[in-house]
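A.B. asks: Here it is, the structure in full.
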Amino acid sequence: MKYKLIIDKNADEEIIAIVHEPSSLTQQIENLVCNYAGEKSIMGYNDDEMRKLEFSAIECITVIDRKVVAIDTDGKHYWLKDRLRDLEEVLPSYFIRINKSTLANEHCIKRFDAVFSGGVDAVFRCGYREYVSRRCFAEIKRRFDRI
């Protein structure tokens, strides 16, 4: 397999992939190109509805029943086709990891609540709650201390 990258500020941007047959790699490349092409949104699916979700309208992205789900500002759940780790690379820097299976929009976190078991929950504007791991909470505190 060959790879070639040409950076020319005067040329139109295009991506061409020549392959022998479709594979999981070609699907990942296609998803990457579609999601990175200056887009500020991602496609979400809810029963019979397919909706373009703006990143700013997503409060968090989490894994529920082994499916990646985006929760919007109205509290609606939309299933996503991408994996969480792939989304982490696409999402803007204001999305932070709060536990092993959740990315949160830091602008949509209303508050952090201490829970009886000694942990911390992030409470979002829509009312959704998700636990924050100790390791991630330490990083979040460092991030907010820099502000």
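A.B. asks: Take the stretch 102-132 and flag every residue that is in a strand (DSSP E or B) and of a type in the set (A, V, I, L, M, F, W, C).
C.D. replies: Here is the first cut: in the stretch 102-132, the residues in a strand (DSSP E or B) are 102-105, 109-114, 120-124, 129-132.
Matches in the stretch 102-132: Leu103, Ala104, Ile109, Phe112, Ala114, Val120, Ala122, Val123, Phe124, Val132.
A.B. asks: What pairs can you find where one residue is in the stretch 123-134 and without any contact (Cβ under 8 Å) to a residue 60 or more places away in the chain, the other is among the basic types (Lys, Arg), and their Cβ atoms are less than 9 Å apart, with a gap of 6+ or different chains?
C.D. replies: Final answer for the pair search is Val123/Lys110; Val123/Arg111; Val123/Arg129; Gly127/Lys110; Ser133/Arg97; Ser133/Lys100.
A.B. asks: Looking at (1) in contact with a Pro (Cβ under 7 Å, 6 or more places away or on another chain); (2) closer than 20 Å to Val132 by Cα, which is the one condition that is false for Arg85?
C.D. replies: (1)
A.B. asks: Now for a different question. Counting only residues that are of a type in the set (Gly, Ala, Ser), loosely packed, with under 13 Cβ neighbours inside 10 Å and over 22 Å from Arg85 (Cβ atoms), which one in the stretch 102-147 is modelled with the highest pLDDT?
C.D. replies: Gly127
A.B. asks: Also: Quick check on my filter: what residues within the stretch 106-135 are under 17 Å from the mean Cα position of the chain (by Cα) and aliphatic (A, V, I, L, M)?
C.D. replies: Matches in the stretch 106-135: Ile109, Ala122, Val132.
A.B. asks: Do you know which residues across the stretch 16-46 are part of a loop (DSSP other than H, G, I, E, B) and modelled with pLDDT of 80 or more?
C.D. replies: Ile16, Ala17, Ile18, Val19, His20, Glu21, Pro22, Ser23, Lys40, listed by residue number.
A.B. asks: Quick check, is Ser93 loosely packed, with under 11 Cβ neighbours inside 10 Å, of a type outside the set (D, E, K, R), modelled with pLDDT under 90 and under 19 Å from the mean Cα position of the chain (by Cα)? Spell out how you get there, then give the answer.
C.D. replies: Values: loosely packed, with under 11 Cβ neighbours inside 10 Å: yes; of a type outside the set (D, E, K, R): yes; modelled with pLDDT under 90: yes; under 19 Å from the mean Cα position of the chain (by Cα): yes.
Yes; evaluated as a whole, the condition is true for this residue.
A.B. asks: Among Asp72, Asp145, Asp121, Asp82, which is the only one that is of a type outside the set (Lys, Arg) and closer than 23 Å to Gln27 by Cα? It would help to see each step written out before you state the result.
C.D. replies: Working: Asp72 fails: closer than 23 Å to Gln27 by Cα; Asp145 fails: closer than 23 Å to Gln27 by Cα; Asp121 fails: closer than 23 Å to Gln27 by Cα.
Only one candidate qualifies: Asp82.
Residue-wise test of (1) surrounded by 13 or more Cβ atoms within 10 Å (Cβ to Cβ); (2) within 19 Å of Ala122 (Cα to Cα); (3) modelled with pLDDT under 80.
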site	(1), (2), (3)
Glu49	no, no, no
Lys52	no, no, no
Asp82	yes, no, no
Glu88	yes, yes, no
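A.B. asks: Scan the stretch 70-105 residue by residue and report those that are among the charged types (D, E, K, R) and under 14 Å from Glu54 (Cα atoms). Walk me through how you get there before you give the answer.
C.D. replies: Filtering the stretch 70-105 down to residues among the charged types (D, E, K, R) leaves 72, 74, 76, 81-83, 85-86, 88-89, 97, 100.
Hits for the stretch 70-105 are Asp72, Asp74, Lys76.
A.B. asks: Then there's this: Could you pull out the residue among Ile42, Ile96, Ile71, Ile29 that is closer than 30 Å to Asp12 by Cβ and touching a residue at least 40 places away in the same chain (Cβ under 8 Å)?
C.D. replies: Checking each option against the conditions leaves just Ile42.
The values are calculated or read from the model by the stated rules, or taken from the named source; none is laboratory data. Just so we're clear, the structure is a prediction, and the values are computed from it rather than from any experiment. Positions of Cβ are backbone-derived with ideal geometry, glycine not excepted, and every protein chain shown enters the neighbour counts.
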